[in-house]
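Taking it in order: structure first as structure tokens, then the write-up.
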Amino acid sequence: MKGAQILVECLKREGIQVVFGIPGGANLPTFDALYGSPIQVILTVHEQGAAHMADGYARATGKVGVCLATSGPGATNLVTGIATASMDSIPLVAITGQVRTFMIGNDAFQEADTIGITRPITKHSYLVKDVKDLTRVMREAFYIASTGRPGPVLVDLPVDVTLSETEFVYPEDVNIRGYKPRPILEGQEPQIKRAAEAIAKSKRPVIYAGAGVIRSEASAELIEFARKTQIPVTTTLLGLGAFPESDPLSLGMLGMHGFEYTNYAVAQSDLLIAIGARFDDRVTGKADEFAKRATKIHIDVDPSSINKTVMVDIPIIGDVKQVLRKLNQLAQGPQIAEWLNVIQEMRRKYPLVYREKTKLLPQYVIQQISEVTEGNAIVATGVGQHQMWAAQFYRFNRPRSMITSGGLGTMGFGLPAAIGAQFGCPEAVVWDIDGDGSFQMTAQELATAAQHKLPIKVAIMNNQFHGMVRQWQDLFYQGRYAQSKVNPINFVKLAEAFGCVGIRVEKKTDVRPAIERAMTVSDRPTVIDFIVEESEDCWPMIAPGKPHFEMLGTFESLKQEGGIPQYRHVKPEEADLSLS
Amino acid sequence: MSEKHTISCLVENHFGVLARVSGLISARGFNIDSLTVSTTEDPTVSRMTIVVDADAQKLEQVKRQLGRLIDVIEVQELKEGEFIDRELLLARVRVNGNVLPELLKLATRFGAKLSDASDNSVVIEAAGDTKVLDALVEQLRPYGITKLVRTGRVALEK
């Protein structure tokens, strides 16, 4: 069997149904072997789109995403997508073409040192020089990508290897002596006991849950843990959906643009239970001020996450799901009625806030999308203000419903990730909440979505700015808008040119009908161009380098400007109407 | 407090492994004093001895980050007093006037050898632990060291 056919056979054995990529000189044999195979091959417009689609597919389904690119520029175009997946621990296998083995190192046409370029942004990588290694490498690649702390694995395949023949022998087992994802819970029982003891005597505990809960499919265990102990739960940006925001224990997102009350709750906590979260700087603010009164429990599958930025007291290294199961057996609910009252009071006292302006507000648009979809859509985003507003104003209730680039903060992620998510979940309603800056970075992938008649919905919060940059320029650069103004684009025409439905919305009364119309379009993408207020800022905000309880744009400061409170974790009847 | 630590790693004897290890160390901003690689009794395995300058938290990070590399089989910190370490030093020293006998005596004291002697210089070859070699270098300095090379530390636990 030829190398390329072996590759396809391996993909079939791994259960791969769809791959994303672009053919070129060095991967023609691979595409030829895929042609006519049962695997669906999605041609993207740009390789970055292929990587983000594979990533979005993986985030939405939990399966490994696969992207393909040719050598040289094809491979380098994947780089942003691979780095995005790496920072957020997404299982991805990237298969790149490479020049013939004897040409490697000669600066051949379309040659790049792909392994060298991607080394720091992959969990592992392989250059396959002998076709006899191919089945083992593919088996290992999928194993490494999807186990332990997941991540991207790159397989670089010289074109002559894909053309060489050998017998197809599929290894049943994987045995990598340097990679043994830790046997579940081995040696961790004493730590889990200590954690249970700390929980039982805590007075002001908070659970801080991250993407690890979603990666290990531990949402049910987290919900059980929180409800059993009655400990309130905040999630990171990537953890949104791991705990339903409709639950009275939900505190929503913490961190730089987290809720004011949530950051206060964490600051006041005496026990912080970090679950599958990594104390990212966008969460902690000034690291040594972060929850500094709290004893810290840290559950993580990756030992290198422990004590990396914040020192913890009770580390538990292991799969989040398994640890939570054990903890659910041991943990006793602490006496915290008083603490829950304090939190409830803070929720009422420090709600999100915005002031009506003449132009449409992006927060309002996102609230409407959340209402129309009843929080059941898969929401992908770009990066910037709109991403933070989506995190604040969309009500996430299910794991894998928020698809966003957290660690790398990759603008242009939203549209291709939404496409990948829709391929993975054909029945789901998929929205890309995007900004005009972010959207334009990968807007060409509308062609991919239109070709496959994907009913994705793109909501552009069009403020004709790189809004977050503009906000920082206002805050820290005396309002000098150095290259943050974005040229106005007619997105309706752009959408129509790609064969999509285009809608322009300028008035508040048109928001809901436009969203509802998009929901009825089932045979093509819909792009809604929401012309929103240019100068709207994203609040609250922890300024860089500041402690996490010192926020700008607090409720107190904004209500004086006529801000209207927007309650997110308080039932309407409990809202403090005297504040508005 | 920052101090020197010796880490011994067993790694796969593949191409590219050194690049993975050195790339990780530089990308994570760790200070590295020396790094040696060589084969072991098992031809498929190499041993890397890495000396890093780090405080306790940073050292823990180095070890854990190294452990994440798929090609790294084992990471072990060698604790002071629990290992034997050696490095090899070659130093070319000026021979001005009649200092050769003095140098010879000095070399003998350090168990070093003199080789490649010419009219005006000699190469001193010494093996020993880092502290001994540091002392030798200090004693050779007054004579005028024109070139110096050290292999970096190799170590085995006792």
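Each reported figure results from applying straightforward, stated rules to the coordinates on display, with no laboratory input. Computed from a prediction, not measured in an experiment: that's the story for all the values here. All Cβ positions, even for glycine, are placed from backbone atoms using ideal geometry, and neighbour counts span all protein chains on display.
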For the stretch A:443-448, Karplus couplings with θ = phi - 60° (6.51, -1.76, 1.60), whole Hz, Gly/Pro x
4, 4, 6, 4, 4, 5
Given H placed 1.01 Å from N in the peptide plane, which residues other than close sequence neighbours of A:Val312 have an amide H under 5 Å from its amide H?
A:Asn307
What residues qualify as long-range amide H neighbours of A:Ile95, i.e. H under 5 Å apart, gap of 5 or more or another chain, H built at 1.01 Å from N?
A:Cys67, A:Leu68, A:Ala69, A:Val155
Name the residue farthest towards the positive end of the dipole of the stretch B:84-157 from the options B:Ala126, B:Ile84, B:Leu103, assuming +1 on Cβ of Lys and Arg, -1 on Cβ of Asp and Glu, about the Cα centre.
B:Leu103
Which order do the peptides A:321-332, B:92-103, A:488-499 take when ranked by the mean count of other beta-carbon atoms within 10 Å per residue, highest first?
A:321-332, A:488-499, B:92-103
Using Cα-only point scatterers and the Debye equation, what is log10 of I(q)/I(0) for the stretch A:245-329 at each q in 0.12, 0.14 Å⁻¹, rounded to two decimals?
-0.36, -0.49
Computed D for chain B, Stokes-Einstein, Kirkwood radius over alpha-carbon pairs, 25 °C, 0.890 mPa s, to the nearest µm² per second, is 142 µm²/s
For A:Thr101, the net charge from surrounding residues (Cβ-Cβ under 11 Å; K, R +1; D, E -1) works out to -1
Please sort A:397-407, A:429-439 by packing, taking for each peptide the average over its residues of neighbouring beta carbons within 10 angstrom, highest first.
A:429-439, A:397-407
Long-range share for the stretch B:65-158, i.e. C-alpha pairs more than 18 Å apart as a percent of all pairs, stands at 52 percent
Inter-part gap, Cα centre of the stretch A:364-421 to Cα centre of the stretch A:258-318, in whole angstrom, is 24 Å
Starting with the highest mean, order A:206-213, B:147-154 by the number of other Cβ atoms within 10 Å, averaged over the residues of each peptide.
A:206-213, B:147-154
Calculated from DSSP H runs of 4 or more alone, at -39500 (n - 2.57) each and per residue, what is the 222 nm mean residue ellipticity of chain A, nearest 500?
-10500 deg cm²/dmol
Debye-sum result for the stretch A:421-463 in log10 I(q)/I(0), which assumes one identical scatterer on each alpha carbon, at q = 0.20, 0.30, 0.32 Å⁻¹
-0.65, -1.13, -1.17
Per the stretch A:358-535, sqrt(5λ) over the Cα gyration tensor eigenvalues, sorted largest first, in Å, gives 24, 17, 16
3J(HN,Hα) from dihedral phi, the stretch B:16-30, Karplus parametrisation 6.51/-1.76/1.60, rounded to Hz, x for glycine, proline
x, 6, 4, 5, 5, 5, 5, x, 4, 5, 6, 5, 8, x, 8
Percent of Cα pairs exceeding the 15 Å cut-off, where the set is the stretch A:493-576:
73 percent
Cα gyration tensor category, rounded, prolate or oblate, for the stretch A:453-525 with a/c compared to 1.5
prolate
Here P(r) for the stretch A:267-420, Cα-Cα distances in 5 Å bins, as whole percents, is 2, 7, 12, 14, 16, 19, 16, 9, 4, 1, 0, 0
Mean separation of Cα pairs under 8 Å and 6+ residues apart, divided by the residue count of chain A: what relative contact order is that in percent?
14 percent
Let me check I have the definition right: for the stretch B:3-78, take the eigenvalues of the Cα gyration tensor, multiply each by 5, take square roots. What are those semi-axes in whole Å, largest first?
20, 12, 11
Checked against a 29 Å limit on the C-alpha separation, the offending pairs among A:Lys201/B:Lys79; A:Lys63/B:Lys58; A:Lys180/B:Lys158; A:Lys203/A:Lys571; A:Lys457/A:Lys508; A:Lys193/A:Lys546 are A:Lys201/B:Lys79; A:Lys63/B:Lys58; A:Lys193/A:Lys546
Farthest toward positive dipole pole in the protein assembly as shown [+1 Lys/Arg, -1 Asp/Glu at C-beta], among A:Met411, A:Ser89, A:Phe396
A:Phe396
Once the Cα atoms of helix B:130-140 and of chain B are each reduced to a long axis, what angle between those two axes, in degrees from 0 to 90 to the nearest 10, is obtained?
30 degrees
Using the Kirkwood formula on the Cα atoms of the stretch A:189-349, what hydrodynamic radius do you get, in angstrom to one decimal?
15.1 Å
Using the crude model of +1 on Lys and Arg Cβ and -1 on Asp and Glu Cβ, and no other charge, please compute the dipole size for the protein assembly as shown relative to its Cα centre, in debye to 20.
820 debye
Please average, across the residues of A:292-303, the number of beta carbons from any other chain that are within 10 Å of each residue's own beta carbon, and give a whole number.
1
What number comes out for the charge environment of A:Thr80, summing +1 per Lys or Arg and -1 per Asp or Glu over other residues with Cβ under 11 Å away?
-2
In whole Hz and in residue order, list the ³J(HN,Hα) couplings for the stretch A:162-176 that follow from phi through the Karplus curve 6.51 cos²θ - 1.76 cosθ + 1.60, θ = phi - 60°; x for Gly and Pro.
6, 9, 6, 9, 7, 6, 7, 10, 9, x, 6, 10, 10, 9, 10
Would you grab the residues whose amide H sits under 5 Å from the one on A:Leu360? Only those 5+ places off in sequence or on another chain, please, with H modelled 1.01 Å from N.
A:Glu533
So if the hydrodynamic radius of the stretch A:3-163 is defined as the Kirkwood radius over C-alpha pairs, what does Stokes-Einstein give as its diffusion coefficient at 10 °C and 1.306 mPa s, in µm² per second?
107 µm²/s
At the level of C-alpha centres, the distance separating the stretch A:1-37 and the stretch B:1-37, in angstrom, is 36 Å
Summarise the long-distance tail of P(r) for chain A by giving the % of C-alpha pairs beyond 44 Å.
19 percent
With the contact rule set at Cα under 8 Å and sequence spacing of 6 or more, what percent relative contact order holds for the stretch A:358-535?
25 percent
